[in-house]
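The values are calculated or read from the model by the stated rules, or taken from the named source; none is laboratory data. Everything quoted here is computed from the prediction, not taken from an experiment. Positions of Cβ are backbone-derived with ideal geometry, glycine not excepted, and every protein chain shown enters the neighbour counts. Heavy atoms of the whole protein, side chains included, go into the accessibility calculation; ligands, DNA and RNA do not. Shrake-Rupley method; radii C 1.70, N 1.55, O 1.52, S 1.80 Å.
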Amino acid sequence: AQTVTQSQPEMSVQEAETVTLSCTYDTSESDYYLFWYKQPPSRQMILVIRQEAYKQQNATENRFSVNFQKAAKSFSLKISDSQLGDAAMYFCAYRRNNDMRFGAGTRLTVKP
Amino acid sequence: SQTIHQWPATLVQPVGSPLSLECTVEGTSNPNLYWYRQAAGRGLQLLFYSVGIGQISSEVPQNLSASRPQDRQFILSSKKLLLSDSGFYLCAWSTSYEQYFGPGTRLTVT
């Protein structure tokens, strides 16, 4: 079974600084998708970024970028120029067809 | 644009009572639909998904069931709630790639 592991239950970053959230996953498949979702206190799940496993180029969305290491099954999220509004739970997710697995989440605190 | 609705937003139910949570999607046809549960401080657990009307796949054996009576309607039910059914329930629909989530229902079983 595919599993997703986020080894950092909590992380903290100073406003305007950069933070990296870690994620590893386990799969025997070669074709899949990886995602980072943000869940603010409202509990609405918001898609942050998507990575296709067949693409070698790391995905980037404005201040958010990933470091996708397929052989190592690693998928970290880098948030640059952190803002107070980035404070939230962040979930890493793996998807193949209708099988979607989430990590336990990392709570990010942004200090002013 | 697509919109996903869930209701109710909050629900408090006694043990042994029935449950019905509803999810509807607007702005798309024949979406794949999903029900997730999120326990406090935890990640999301996939409960059910549906690829079409009347087609339900269960991921985890439990006290819950799901139905899809219409193309864009997905219902989560229980005949008798357990304390362990408490949690935050999220409905989602998907494109070929991403899943988009509704606002969720907070269920407390007392």
Query raised in the report: What are the residues of region A:12-43 that lose 50 Å² or more of accessible area, with a 1.4 Å probe, going from their chain alone to all protein chains?
Result: A:Arg43
Requested in this report: Return one whole number: the accessible area per residue of chain B in Å², for a 1.4 Å probe.
Outcome: 46 Å²
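Please work out the FRET efficiency for the pair B:Arg106 and B:Gln62, using the Cβ-Cβ distance as r and a Förster radius of 25 Å; give the result to the nearest 0.05.
0.85
Give me the accessible area per residue for chain A, probe 1.4 Å, as a whole number in Å².
On the way: 5470 Å² over 112 residues.
That works out to 49 Å² per residue.
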**Report entry** Share of carbon and sulfur in the accessible heavy-atom surface of chain B [1.4 Å probe, %]
**Finding:** 51 percent
**Report entry** Three-way shape label, chain B, alpha-carbon gyration tensor, a/c 1.5
**Finding:** prolate
Query raised in the report: Using θ = phi - 60° and the Karplus curve 6.51 cos²θ - 1.76 cosθ + 1.60, what whole-Hz ³J(HN,Hα) does each residue of region A:103-112 get, with Gly and Pro shown as x?
Result: x, 6, x, 10, 8, 9, 10, 10, 8, x
Query raised in the report: When you count, for each residue, the other Cβ atoms within 10 Å and take the mean per peptide, how do A:26-38, A:96-108 rank with the highest first?
Result: A:96-108, A:26-38
**Report entry** Label-point separation in nm, B:Arg42 to A:Thr18, each point 7 Å along Cα→Cβ
**Finding:** 3.6 nm
Requested in this report: Quick one: dipole size for the protein assembly as shown, taken about the Cα centre, charges +1 on Lys/Arg Cβ and -1 on Asp/Glu Cβ, in debye to the nearest 20.
Outcome: 320 debye
Query raised in the report: Which lysines, on any chain, are close to A:Lys78 with Cα under 16 Å apart, when same-chain ones fewer than 8 places away are left out?
Result: A:Lys38
Requested in this report: Residues in region A:1-40, backbone N under 13 Å from the label point at A:Leu84 (7 Å along the Cα-to-beta-carbon vector): list them, ranges by number please.
Outcome: A:15-16
Requested in this report: Return the long-range amide H neighbours of A:Ala59 (sequence gap of 5 or more, or a different chain), with a cut-off of under 5 Å between placed amide H atoms.
Outcome: A:Val66
Query - Accessible-area composition of region A:42-102, carbon plus sulfur, in percent [1.4 Å probe] - result: 42 percent
Query raised in the report: Total accessible area buried between chains A and B, 1.4 Å probe, in Å² to the nearest 100?
Result: 1800 Å²
Query raised in the report: Using a 1.4 angstrom probe on protein heavy atoms only, which residues from region A:73-106 are buried by at least 50 Å² of accessible area when all chains are present rather than their own chain alone?
Result: A:Arg95, A:Asn98, A:Met100, A:Phe102
